[in-house]
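Undergrad: If you scroll down you'll find the structure; I have some questions about it.
Just so it is clear, none of the values below were taken in a lab; they were calculated from the coordinates. Keep in mind that what you see is a predicted model, and the values were worked out from it rather than measured. Methodologically, a virtual Cβ is constructed for each residue, glycine included, from the backbone with ideal geometry; neighbour enumeration extends over all protein chains shown.
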Amino acid sequence: MSTISRRRILRGMMDGAAVSVTLPFLECFLNGNGDARASGAPLPVRFGTWFWGLGMVSQIFTPKTVGPNYDLPEQISSWKDIKQHVNLYSNLNVVTDGRPPVCHYSGWIAVATGEAPLNGSSYPRESIDVTVADVIGSGTRFRSLQLAGTGSQRSTHSFRSTDAVNPPEVSPTDLYQKIFGPEFHDPNSPNFTPDPGIKMRKSVLSAVIEQSTDFRRTVGSADKQRLEEYFTSVREMEGRLALQLERPAPAPACKIPAAIDKEMPVGIDAELVASRHNIMTDMMVMAVACDQTRVFNMMYSDGTAVTSRKGFPRVHHTITHEEPVDTKLGYQPDSAWFCTRSMESFAHFVGALAKFKEGDGSLLDRSLVFAYSDLSLAQAHSLIGIPMMTAGSAGGRMKTGIHFDGKAGPVTRVGLTVLQAMGVQAGEWGVNSLKTGQAIGEVLV
């Protein structure tokens, strides 16, 4: 039998013109087990975060059963097709250690960084996705991708510091151009021609970095820190440019999606937010499959979510403050409606990764998604029992389909577990009362 090349091209004629069509990824491009490229290089493991604002309603969110095969209360009933991939972590708390709790802020900051903030305008440490990206994100064109279904440029939880924030993409059209526009190189194409303009940009950045050492000697400590953050960004950009000058590694599952040439309308209606979220999710999945990034962050809604509903005069955040508790149900039904919609979008996010075939499994099998909110009960701004989930097995490093009761422990137990599953050398994580050395062994392999 003749050897089949990694990417065979079918050639022919149409109306007198030569045409070529690349074959889709086939099993013959993998090794015998289907768990690595034919070259022997392992398929990459990816990491993502997913955030939604204003928590949940425990009565209809938290499963009554703990461990595998947990039940699906009303608010997470949309998980029926993804439950086997999702771990849910309940009864884990944020402790602020005397620092004033900042509404819709202290909770998610503690979950994302392992430390409660001093105020509502600063970040105490880098976000967990940046920590992971330093380990797995340097070999791709984008160290990470930030997406926001909110449509707001301020909707991001990805940062190295207060002064080094990673802005999100909020437009599906702009996202497509960023990923699959002129600078995209198909990793499975037999042809590769580096852009000479990129080489020039890389050379200019190199010259700037070389001059930075002398300049740093002339400034104070605060400016030195800012300069280090700035030049870290420059070095990361230079690395991305360097990758653009090299033929990309094969990405077996890569299929370039059709271009999006019509901009979505701007708005905060729940249906529009979900549609924007879902379109950007599907595009993000293709970016991951094409190995353009291995770290991604999606924000469905902000901590002070202003998602609206047709026929309702108030937005979600306002409703959590003004809606009375239904005496029969024991909770705010209109507020709960918005939380249920967010879980439907989470199901789409996880499902999109789970349905996408890669090798002997799916993209989700080689990913770990960390989902969390800013609080538990929005009406009380409660930091007790903040809901968190993980989805995917991180390439076999995590068990899935488990409900874990944290027994009033710190939320950082989940963060430490995530870091260890992603190969970050971390024996402990967090600060002060949030500091923990206890990863969740029930879900780690």
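Undergrad: Are there trypsin sites (Lys or Arg not before Pro) in segment 90-169 that DSSP marks as loop and that have at most 12 other Cβ atoms within 10 Å, and which are they?
TA: Arg154
Undergrad: So, one more: I need the phi-derived Karplus couplings for segment 252-267: 6.51 cos²θ - 1.76 cosθ + 1.60, θ = phi - 60°, integer Hz, Gly and Pro marked x.
TA: Values, residue by residue: x, 8, 5, 9, 6, x, 5, 5, 9, 10, 10, 6, 6, x, 7, x Hz.
Undergrad: Can you tell me the mean projection area, over all orientations, of the convex hull of segment 313-445's alpha carbons? Units nm², please.
TA: In nm², the orientation-averaged hull projection of segment 313-445 is 10.3.
Undergrad: Just to be sure I understand the model, the point goes 7 Å from the Cα along the line to the Cβ. What's the resulting Glu271 to Ser121 distance in nm?
TA: Going from the Glu271 label point to the Ser121 one covers 4.0 nm.
Undergrad: Now for a separate question. Expressed in nm², what is the orientationally averaged projection area of the convex hull enclosing the Cα positions of segment 357-423?
TA: Average of the hull's projected areas for segment 357-423 equals 5.3 nm².
Undergrad: Would you mind getting me the FRET efficiency between Ala41 and Leu72? Use the beta-carbon distance for r and R0 = 51 Å, nearest 0.05.
TA: Calculated value: 0.85.
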